[in-house]
Structures are given as C-alpha cells and as structure tokens.
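Working notes, structure below.
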Amino acid sequence: MNEKKFQINLGNVCNNICKFCMNAEPLETRKFIPFSQIKKEIKEYRKKGYNVIGFLGGELTVYPKIIDLVRLATRLGYKRIDLVSNGRKYSDLTFLKELNEAGYIRFYLSIHSHEERTEDFLTSVKGSFREKIRGLNHLVSLKKKGLIREKIFINLVINKLNYKSLPRIILFYLRNFGVRDFRFNFIRPEGRAFAHFKILVPAYREVLPYVKRSVLLSEKLRLNLSVEGIPYCILRNMRNFQEYIGELKDGAGTIKEGIDRRKEFNIADLRKAELRVKPETCRECIYDLYCEGPWKDYTQINGFREFKPIRLKREKDPSGRRIKKHEKV
C-alpha cells in the first residue's frame, strides 16, 4: 500500500502528568476538540486522498468518542489507523476489545522503562506502570488470537532516567511480551520537560553508547528499531546509522492540530523551521540536507559543542587514483 498519512490532534486532555511532557498547561484547563470538528476534518482529508490516519493527544483514549472516530475512519476507507497512547486505558479489556473491533489499528504504546518506580516517577501517576503492563498483556493476548493483525510498538522517550537501560528495556519487552518493534525518541525539552531539564535531559554523547548497543542488539535479534531526534553527526561511527533514523522512516506527514485555532502543517517542515536548529558549520556536512539538527531548546542549555560536520575526505582507490569518499560511518 502506498501510504499517504494524516495525523489529527484530538485535544490536549491527558490522564498523566509526565515530567517530560512538552505541554506545561495545567490538566484542569485542557480541552478536547469537538467531535463535529474532528468528523469534518477526517472526511476532508479522506477526500484529499489520505489513506492512513493517526490520532494524537494529549491522551487519545480518554477522548469521549474515540471508538466512534475509529469506526468513522474505517467506514470512510482509511486503510490503517495509528494510535499513540500511554496505554493505561488498555487495562480495561472491554474498552480495548471494542476499540480494536472498530478498525484496522496499529498500536503504539508509550512506555519509558521496564521498572515500575521509574515509569511512575516519569508519569507522576502511581500505578501507571502496572496499568500499562496490564494493557500490554491484553494487546498481546488479542494479537495471539489473531484479533490484532498489525504490529505493536513500544514508543519510548529517551531521558536521563532510562538511557542506560535501553538494551535491557528491549530485552524485557521482547522476552516477556514478544514485542519486536521499538521507537526511541530523544527527549524534546519544551514545556514541563524544559522545567525538568537538569534531571531529565542527558547529553547526546552520554546516550550514544547505549543507542549503539541497542542497535547491535536489534540487528542480532532481527528487531525493528528506529531512533528519532538525534543528529547524524552524533551517530556517525555507527555502521549504517541511516537505516535507524526515525525521521527518514516516517517520511513527510501532515498534521492538523490546535485547540482554539486549527492549523495544518508538515511535521518535517515544522521541525526544520522552528523546533530544531543547526550551527553554521553544519553547512559543511554531507548530510546537511537530511539531518534536522538538535532540538532548539537543548542547545539553549548545552550549546553546539557536540556537533561536528561529517565531511568528505580524499583517499586512493586500489589503482592509486585519488577519489572522494565519505568518512567512515
């Protein structure tokens, strides 16, 4: 299937208070987008030829008519529905079954540790880890019965409290639940995440050894792993690092969001124009056109010292002729 994906934000209401959240707005003032507005937009983008839809929050499972939206998207002809959720509500098997029966869904479960204490600290909700694990057990059970045909992803935010455990996290969810698809997203220090910068945001260079081990582990076990939010030059000494760049795997997707005023944008263009920043030396890098650079707010605290352009270098081929060649990656 040739995918043309559209993601739609349902509002910013959530049942967690994650310390790494990009939204610093108090939970009590957050809002849902009216059902009538979401219906209109789903129909509009289907007419434009979009055939994959993703629902975003906040937390999408607490949206009052989420099951109705999945049914509508299915009826309109969307071939797949992507749900990125913290998964706590999947602990309710009755709800999960009804949701799953409403459409052809790919589930992304946002869970950030294999340890209860760490997960509950990050979400600021005691018991959230156990709810997520119960929800994951339900997802796996439905998949084993053939009721979920798509992949189940673990969607993780890399931060100071979990980066040293990345390989162990992979093994925990593989061995205990059979999960083979992982996405690691480097923390974006905005909102609450920026307020917790000192305790949550590691340096890229600190994270790199554990990302490398995770990549080697995924190659050995033939897992699907992607990494998002890490500049290419940080990954330069990883073999075939381009194969793991989440931004390249995602492609260019359209997002519709906003609470009081709705706006449409291409997420890759937005990242390049507003959310990320690159020093002048990046122009010398052979990947300048593709790499989006670090998160802008990361550089406010840590600067640009970690980032070095990957340049062409001149070497001789076996015949003695001088050729240009990329630095070893």
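Being among the acidic types (Asp, Glu) and not in a helix (DSSP H, G or I) is the filter here, so list the residues in the range 98-117 that pass it.
Taking the range 98-117 first, the residues among the acidic types (Asp, Glu) are 98, 101, 115-116.
Across the range 98-117, the qualifying residue is only GLU115.
Taking the criterion of being closer than 21 Å to VAL227 by Cα, assigned to a strand (DSSP E or B) and of a type outside the set (A, V, I, L, M), would at least one residue in the range 78-93 satisfy it?
Looking for residues that are closer than 21 Å to VAL227 by Cα, assigned to a strand (DSSP E or B) and of a type outside the set (A, V, I, L, M), one finds at least one in the range 78-93, hence yes.
Scan the range 14-31 and tell me whether some residue there is touching a Gly at 6+ places or on another chain (Cβ under 9 Å), at pLDDT 90 or above, in a loop (DSSP other than H, G, I, E, B) and of a type in the set (Val, Ile, Thr).
No.
Going through GLY58, GLY49 one at a time, which residue ends up being touching a Cys at 6+ places or on another chain (Cβ under 8 Å), free of Cβ contacts under 8 Å to residues at least 60 places away in the same chain and assigned to a loop (DSSP other than H, G, I, E, B)?
Step by step, each of GLY58, GLY49 is checked, and only GLY58 is touching a Cys at 6+ places or on another chain (Cβ under 8 Å), free of Cβ contacts under 8 Å to residues at least 60 places away in the same chain and assigned to a loop (DSSP other than H, G, I, E, B).
Which condition from (1) free of Cβ contacts under 8 Å to residues at least 12 places away in the same chain; (2) assigned to a loop (DSSP other than H, G, I, E, B); (3) in contact with a strand residue (DSSP E or B) (Cβ under 6 Å, 6 or more places away or on another chain) is the one that GLY293 breaks?
Result: GLY293 passes all but (1).
In the range 1-38, which residues are surrounded by 19 or more Cβ atoms within 10 Å (Cβ to Cβ) and without any contact (Cβ under 8 Å) to a residue 40 or more places away in the chain?
Correct list: ILE38 only.
Out of ARG213, ARG205, I need the residue that is part of a helix (DSSP H, G or I) and either farther than 29 Å from LEU270 by Cα or of a type in the set (A, V, I, L, M) (or both). Which one?
Selected residue: ARG213, the only one of ARG213, ARG205 that is part of a helix (DSSP H, G or I) and either farther than 29 Å from LEU270 by Cα or of a type in the set (A, V, I, L, M) (or both).
Regarding the range 82-99, can at least one residue be identified that is β-branched (Val, Ile, Thr), crowded, with 20+ Cβ neighbours inside 10 Å, within 14 Å of LEU10 (Cα to Cα) and free of Cβ contacts under 8 Å to residues at least 60 places away in the same chain? Break it down stepwise before answering.
We begin by selecting, within the range 82-99, every residue β-branched (Val, Ile, Thr); these are 84, 94.
Among the residues that remain, those that are also crowded, with 20+ Cβ neighbours inside 10 Å are: 84.
Still in the list and also within 14 Å of LEU10 (Cα to Cα): 84.
Restricting the remaining residues to those that are free of Cβ contacts under 8 Å to residues at least 60 places away in the same chain gives none.
There is no residue in the range 82-99 that is β-branched (Val, Ile, Thr), crowded, with 20+ Cβ neighbours inside 10 Å, within 14 Å of LEU10 (Cα to Cα) and free of Cβ contacts under 8 Å to residues at least 60 places away in the same chain.
Going by the conditions given, is ARG106 under 20 Å from GLU228 (Cβ atoms), in contact (Cβ under 8 Å) with a residue 40 or more places away in the chain, crowded, with 18+ Cβ neighbours inside 10 Å and in contact with a Leu (Cβ under 6 Å, 6 or more places away or on another chain)?
Judged against the criteria, ARG106 is not a match.
Quick check on my filter: what residues within the range 99-125 are touching a helix residue (DSSP H, G or I) at 6+ places or on another chain (Cβ under 7 Å) and small (Gly, Ala, Ser)?
Selection gives ALA102, GLY103, SER113.
Here are the criteria: (1) small (Gly, Ala, Ser); (2) within 18 Å of ILE152 (Cα to Cα); (3) more than 15 Å from the chain's Cα centre (by Cα); (4) crowded, with 16+ Cβ neighbours inside 10 Å. Tell me which single one GLY178 does not satisfy.
Here GLY178 clears every test but (4).
The values are calculated or read from the model by the stated rules, or taken from the named source; none is laboratory data. Treat the numbers as computed from the prediction; the structure is a model and nothing was measured. Heads up, the Cβs are rebuilt from the backbone with ideal geometry, glycines too, and the neighbour counts pull from every protein chain shown.
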